[in-house]
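Each remark here refers to the structure printed beneath this line.
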């Protein structure tokens, strides 16, 4: 089996696990994420507006926005890194590329903490995304400039043991689920 075939199968299985977890999700799933972000108050943070069955970070982002800038990713073009537009609770949003909502008024910032959506994760910090490489390119660029914390946010059910990873895949520094925090030793 090729690496691409392995990734396709891993994504399919992970999407199914994520959909099942999303269907059973209880309020308060972002509680542990709020606790982690409280340790980074005032530091520029990027979150995301959830699509499909992604776990919802918006309550934690709203709390963080009371203490410092919070942004969401904006896709400029395929093959390019993400940029980040400042977000505030209840700000006007418009649909951006790939169906993700972005602030209607673009105000770019550079985050130092990224809450990263994902399809599957491993306890060693591996992340399987959607396949576009946006976060890998973005994290590589940001980490070349300054220390950048990548926090994978997912349902616990999205954990997988054997992720098909490549050398260009950027590792997560921490994973937060509705059940708790997984620190990644480096």
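Being more than 13 Å from the chain's Cα centre (by Cα) and in a loop (DSSP other than H, G, I, E, B) is the filter here; which residues of segment 120-144 pass it? Correct list: 122, 123, 124, 131, 132. Take residue 152 and decide whether it is modelled with pLDDT of 95 or more and surrounded by fewer than 17 Cβ atoms within 10 Å (Cβ to Cβ). Judged against the criteria, residue 152 is not a match. Exactly one residue out of 103, 73, 69, 89 is surrounded by 15 or more Cβ atoms within 10 Å (Cβ to Cβ) and touching a helix residue (DSSP H, G or I) at 6+ places or on another chain (Cβ under 8 Å): that is 73. Scanning segment 56-72 for residues that are in contact with a strand residue (DSSP E or B) (Cβ under 6 Å, 6 or more places away or on another chain) and either outside any helix (DSSP H, G or I) or closer than 18 Å to residue 105 by Cβ (or both) gives 57, 61, 69, 70, 71, 72.
Inspect all residues belonging to segment 106-119 and state whether any of them is touching a helix residue (DSSP H, G or I) at 6+ places or on another chain (Cβ under 9 Å), in a helix (DSSP H, G or I) and buried (at least 18 other Cβ atoms within 10 Å of the Cβ). Scanning segment 106-119, I find no residue that is touching a helix residue (DSSP H, G or I) at 6+ places or on another chain (Cβ under 9 Å), in a helix (DSSP H, G or I) and buried (at least 18 other Cβ atoms within 10 Å of the Cβ), so the answer is no. Can you tell me which residues in segment 157-186 are outside any loop (DSSP other than H, G, I, E, B) and over 14 Å from the mean Cα position of the chain (by Cα)? The answer is 157, 159, 181, 182, 183.
If you go through segment 81-105 and keep only what is in a loop (DSSP other than H, G, I, E, B), modelled with pLDDT of 95 or more and touching a strand residue (DSSP E or B) at 6+ places or on another chain (Cβ under 6 Å), you end up with 82, 91, 104. Taken over segment 146-186, residues that are within 23 Å of residue 25 (Cα to Cα) and free of Cβ contacts under 8 Å to residues at least 40 places away in the same chain amount to 4.
The values are calculated or read from the model by the stated rules, or taken from the named source; none is laboratory data. Fair warning: this is a prediction, and the values are worked out from it, not measured in the lab. Neighbour counts are summed over all protein chains in view; Cβ atoms, including those assigned to glycine, are modelled from backbone coordinates with ideal geometry.
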